[in-house]
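Please read the structure below before turning to the comments.
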Protein chains: 2
Amino acid sequence: MTKKIGAQTIQFETPPFIISTGCVVGKKEGEGPLGSYFDQIVEDEYCGEKSWESAESKLQTMAFQKTLNKHGLRNQDIDYMFAGDLLNQCVGTHYGTRDTNIPFFGIFGACSTMVEGLSLSSIMIDGGFAVNVAALTSSHFCSAEKQFRFPLEYGGQRTPTSQWTVTGSGCAIVSKNGPGPKITHATVGKIVDMGINDANNMGSAMAPAAFDTIITHFNDTGRDASYYDLVITGDLGITGSDILHDLFKKETGGSELNNHKDCGVLIFDAEKQDVHSGGSGCACCASVFCGYLYNQLTTGKLSKILLVATGALMNTMTLQQGETIPSIAHAVAIEM
Amino acid sequence: MTKKIGAQTIQFETPPFIISTGCVVGKKEGEGPLGSYFDQIVEDEYCGEKSWESAESKLQTMAFQKTLNKHGLRNQDIDYMFAGDLLNQCVGTHYGTRDTNIPFFGIFGACSTMVEGLSLSSIMIDGGFAVNVAALTSSHFCSAEKQFRFPLEYGGQRTPTSQWTVTGSGCAIVSKNGPGPKITHATVGKIVDMGINDANNMGSAMAPAAFDTIITHFNDTGRDASYYDLVITGDLGITGSDILHDLFKKETGGSELNNHKDCGVLIFDAEKQDVHSGGSGCACCASVFCGYLYNQLTTGKLSKILLVATGALMNTMTLQQGETIPSIAHAVAIEM
């Protein structure tokens with residue numbers, strides 16, 4: 001007997017609490033519809049550093065510190081940290097956390113990193129291995145464009161399906177002791193690859209992974225979307241969200257996926273802010289959860305959510321070599 | 001109360017078993033001193049694929065399958081998989097495992113990945129979350145040189161402190177039920193950065209991290225090196241091993257680090273095989289553990305080992321930007 005129910009879901013015996021969150025974002029994110037929910041808005045895209053990569057590391061350092069401060073915690077109160085990001089060899093994380101002196105597990109889940117971190121943090125608590133565990137991630141529009149697409153100076157035109165990488169960082173402390181919203185279940189994703197090979201259409205590549213994890217979560221728990229106030233995906237954007245709805249309808253014989261929203265759609269005003277299909281990047285799900293959603297949970301505006309972060313697991317070279325985009329989605333069920 | 005003892009060490013309540021391992025290596029590794037311990041030696045550096053990156057993925061697929069086959073396991077018997085590698089965005093892993101249909105956690109620990117995976121797999125078992133968990137990693141000399149150093153066609157001269165990335169993959173299944181060697185403790189590393197910035201001298205960058213984790217393990221458990229038949233580091237190579245010994249002597253008032261060997265020193269005959277300071281890469285520790293060390297444990301030639309895998313957490317860009325190399329070392333104590 002294990003705490004696994006169904007195919008891929010962990011049901012926590014003593015659900016751990018999310019006792020504190022923190023998030024720092026860039027100027028554009030601050031100007032979006034959720035601007036008032038972020039802890040800090042950094043106007044300078046360099047964050048006072050010399051490179052965009054160092055700026056991204058700085059965002060992690062700031063988000064982590066804010067999360068600790070809000071709850072009066074010190075570094076030595078944190079037993080373990082799970083963190084990662086999208087930069088090659090996850091350097092945003094390694095330079096951003098190297099001075100914390102906290103036992104560290106590096107994770108890579110692309111834009112699913114925040115929920116992978118929340119899942120593993122919960123496992124550490126419910127398994128009896130720790131009292132406080134930190135989950136942390138970041139992304140930066142400039143470091144991501146430079147690494148994955150074109151030099152910013154080139155000024156290339158963006159395709160309608162492209163998404164805008166969120167500049168920011170989010171951190172959450174998962175703890176044995178409350179108060180705070182509880183993580184009751186984690187549905188661990190499988191890699192899904194449906195043959196999409198367009199790096200400017202990540203939403204379409206990730207939608208089947210989101211669908212797979214959501215439907216598996218429902219099957220494993222005997223729930224459906226009506227159980228939740230919100231089924232919130234990480235960064236499918238407008239295009240990917242449409243595909244998720246179509247897939248859901250097709251595979252369930254016509255049912256609608258009710259109560260669904262997407263962090264990538266919420267974080268920007270797509271039309272006014274010219275972000276095409278919406279936001280993306282590890283910090284998209286992370287900042288929307290650690291800012292807006294955590295606020296909605298702790299103020300009683302939401303009481304049950306399914307947070308589903310999606311990640312695209314290719315790199316620029318594999319696409320040049322003709323490969324398709326493997327994707328993954330991890331979900332956690334959170335209740336007040 | 002948690003299962004954490006001291007600063008960074010987990011003492012497993014019901015130590016999980018390593019029930020099966022598998023490893024596949026390249027031609028040069030097969031010609032080295034440990035050649036007879038590897039399950040398969042692939043003569044073709046492309047493994048029948050069209051690129052070195054695809055070849056690395058293929059090595060993971062092969063190592064995983066061998067590990068299952070040896071124990072008569074099927075994919076559906078594996079509850080979760082922890083895997084990662086050194087390629088940008090860990091693509092060796094994502095393409096190598098995308099068809100397994102197993103709930104997947106991506107990890108990034110550079111060359112410490114194998115032990116990070118063994119630690120997290122053990123946590124899943126001892127925490128009551130799973131029955132069988134797979135830990136998997138890989139590296140490939142050609143894909144690593146191309147990504148981290150120079151085009152192979154350039155034929156650059158290698159510095160005396162440089163190490164040779166092992167071509168191969170190793171996999172281990174950690175299980176609730178034996179028989180097999182047991183993982184009794186995991187000491188989770190912290191990021192350590194002592195200011196080294198030479199990508200051709202990784203051993204020196206990683207040695208302080210190895211020292212930190214080993215001394216912390218001894219302090220946390222009340223043990224010293226004499227408790228173990230072997231304290232085996234992942235890939236410090238000759239240069240890094242010397243530094244580890246010097247650090248140990250200096251910081252302990254003159255004591256020797258007894259019973260120490262290094263996978264990077266063991267896997268090649270440095271002089272005859274022209275590998276300078278020894279082997280490196282995620283597959284160095286993985287293939288030496290899954291091949292040679294697992295054999296020594298199960299045949300009674302070793303009964304207690306401390307396996308300490310080290311990772312360098314920079315990328316090529318951060319070094320060009322003048323940064324130093326943050327490093328980490330994770331350790332597991334394994335007993336027959």
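Which shape class applies to the range B:1-154: rounded if a/c is under 1.5, otherwise prolate when a/b exceeds b/c and oblate if not, where a ≥ b ≥ c are the square roots of the Cα gyration tensor eigenvalues?
Working: a/c = 1.91, a/b = 1.63, b/c = 1.17.
It is prolate, given that a/c is not under 1.5 and a/b is the larger ratio.
Just the C-alpha atoms of the range A:11-78: what Rg/Rh do they give, with Rh taken as the Kirkwood radius? Mind showing how you got there, number by number?
Working: Rg = 14.6 Å, Rh = 13.6 Å.
Taking Rh as the inverse mean 1/r over Cα pairs, Rg/Rh reads 1.08.
Pairs A:K66/B:K190; B:K70/B:K261; B:K250/B:K272: which exceed 30 Å Cα-Cα? Working shown, then result.
On the way: A:K66/B:K190 21 Å; B:K70/B:K261 28 Å; B:K250/B:K272 33 Å.
Pairs exceeding the cut-off: B:K250/B:K272.
Taking a spot 7 Å from the Cα of A:I5 along the direction of its beta carbon, which residues of the range A:301-336 have an amide N less than 18 Å from it?
A:304-308, A:331-336
Which Cβ of chain A lies nearest the axis of the rotation superposing A onto B, and at what whole-Å distance?
Nearest Cβ to that rotation axis, in whole Å: A:G127, 1.
Among B:F141, B:F108, which comes first, second and so on when ranked by fewest other beta-carbon atoms within 10 Å? Could the numbers behind the result be given before it?
Numbers: B:F141 23, B:F108 27.
The fewest-first ordering by Cβ neighbours comes to B:F141, B:F108.
Determine, for A:S36, B:S175, the number of other Cβ atoms within 10 Å of each Cβ, and report the residues in order from fewest to most. Write down the numbers at each step before the final one.
Details: A:S36 10, B:S175 25.
By the 10 Å Cβ count, ascending: A:S36, B:S175.
If you average 1/r over every pair of different alpha-carbon atoms in the range A:130-204 and take one over that average, what Kirkwood value in Å do you get? Write down the numbers at each step before the final one.
Values: mean 1/r = 0.0621 Å⁻¹.
Result for the range A:130-204, one decimal place: 16.1 Å.
More than 14 angstrom separation, counting every C-alpha pair in the range A:278-320; what % is that?
Working: 532 of 903 pairs.
Value for the range A:278-320 (Cα pairs over 14 Å): 59 percent.
Excluding same-chain residues fewer than 8 positions from B:K249, which aspartates and glutamates have a Cα within less than 18 Å of its Cα?
Here the aspartates and glutamates satisfying the reach criterion relative to B:K249 are B:D212, B:D224, B:D262.
Could you state the number of Å between the C-alpha centres of the range A:1-25 and the range A:109-157?
Rounded to whole Å, the Cα centres lie 17 Å apart.
Run through the other copies and list how far each one's label point is from that of A:N200, in nm with one decimal, shortest first; the point sits 7 Å from Cα along Cα-Cβ.
4.1
What are the DSSP H helices in chain B that stretch 18 Å or more along their long axis, judged by alpha-carbon atoms, and whose average Kyte-Doolittle hydropathy comes to at least -1.0?
Details: long enough: B:52-70 (27 Å, -0.91); B:113-126 (19 Å, 1.01); B:202-221 (28 Å, 0.35); B:237-251 (21 Å, -0.29).
Long hydrophobic helices here: B:52-70, B:113-126, B:202-221, B:237-251.
Mind listing the phi-derived Karplus ³J(HN,Hα) values for the range B:13-20, rounded to whole Hz, using 6.51, -1.76 and 1.60 with θ = phi - 60°, and x for any glycine or proline?
Along the range B:13-20, the couplings run 5, 10, x, x, 9, 9, 8, 7 Hz.
Can you pull out the trypsin sites (Lys or Arg not before Pro) in the range A:19-119 that DSSP calls coil and that have at most 13 other Cβ atoms within 10 Å? Working shown, then result.
Values: sites: A:K27, A:K28, A:K50, A:K58, A:K66, A:K70, A:R74, A:R98; in loops: A:K50, A:R74, A:R98.
Answer in residue order: A:K50, A:R74.
Suppose we take every Cα in chain A and form the convex hull; what volume per residue is that in Å³? If you can, show how the numbers build up before the last one.
Working: hull volume 42.1 nm³, N = 336.
Residue-normalised Cα hull volume stands at 125 Å³.
Fewest to most neighbouring Cβ within 10 Å: what's the order for B:H94, A:H276, A:H71? Spell out each step's value before the answer.
Numbers: B:H94 32, A:H276 19, A:H71 15.
Sorted ascending by nearby Cβ count, the order is A:H71, A:H276, B:H94.
Any chance you could run the full-extension gain for A:Q320 through A:D77? It's 0.36 nm times the residue separation minus the Cα-Cα distance, nm to one decimal. Can you show the working numbers first?
Working: separation 243, 0.36 × 243 = 87.48 nm, distance 4.51 nm.
Result: 83.0 nm gained on full extension.
Report, for B:D44, each distance to the same residue's label point in the other copies, shortest first and in nm; define the point 7 Å along Cα→Cβ.
Between copies, matching label points for B:D44 lie 5.5 nm apart.
If exposed GluC sites (Glu not before Pro) are those in a DSSP loop with at most 10 other Cβ within 10 Å, what is the longest stretch of chain B that has none? Could you put the intermediate results ahead of the total?
On the way: sites that count: B:E43, B:E271.
The segment B:44-270 is the longest one with no such site.
Calculate the tail of P(r) for the protein assembly as shown: the fraction of all Cα-Cα distances greater than 48 Å, expressed in %.
Values: 17842 of 225456 pairs.
More than 48 Å apart: 8 percent of the Cα pairs in the protein assembly as shown.
Over the range B:268-336, what is the mean sequence separation of C-alpha contacts under 8 Å (at least six apart), divided by residue count, expressed as relative contact order in percent? Don't skip to the answer; put the middle values down first.
Details: 61 pairs, mean separation 19.8, N = 69.
It rounds to 29 percent for the range B:268-336.
Which of the trypsin sites (Lys or Arg not before Pro) found in the range A:249-310 are in a DSSP loop and have at most 10 neighbouring Cβ atoms, other than their own, within 10 Å?
On the way: sites: A:K249, A:K250, A:K261, A:K272, A:K301, A:K304; in loops: A:K272, A:K301.
Counting only loop positions with at most 10 other Cβ atoms within 10 Å, the trypsin sites (Lys or Arg not before Pro) in the range A:249-310 are A:K272.
Would you please classify the overall shape of the range B:120-244 from the alpha carbon gyration tensor, given that a ≥ b ≥ c denote the square roots of the eigenvalues, rounded means a/c under 1.5, and beyond that prolate means a/b larger than b/c while oblate covers the rest? All intermediate terms of the calculation are to be shown ahead of the outcome.
Numbers: a/c = 2.55, a/b = 1.47, b/c = 1.74.
Since a/c reaches 1.5 but b/c is at least a/b, the shape of the range B:120-244 is classed as oblate.
Apply the a/c threshold of 1.5 to the C-alpha gyration tensor of the range B:162-310 and tell me whether it is rounded, prolate or oblate.
Numbers: a/c = 1.67, a/b = 1.13, b/c = 1.48.
In terms of gyration-tensor shape, oblate.
A short reminder: the numbers here are calculations on the coordinates, not readings from a lab. Owing to the predicted nature of the structure, the values given are computational and were not obtained by experimental measurement. Note that each Cβ is placed from the backbone with ideal geometry, even for glycine, and that neighbours are counted across all protein chains shown.
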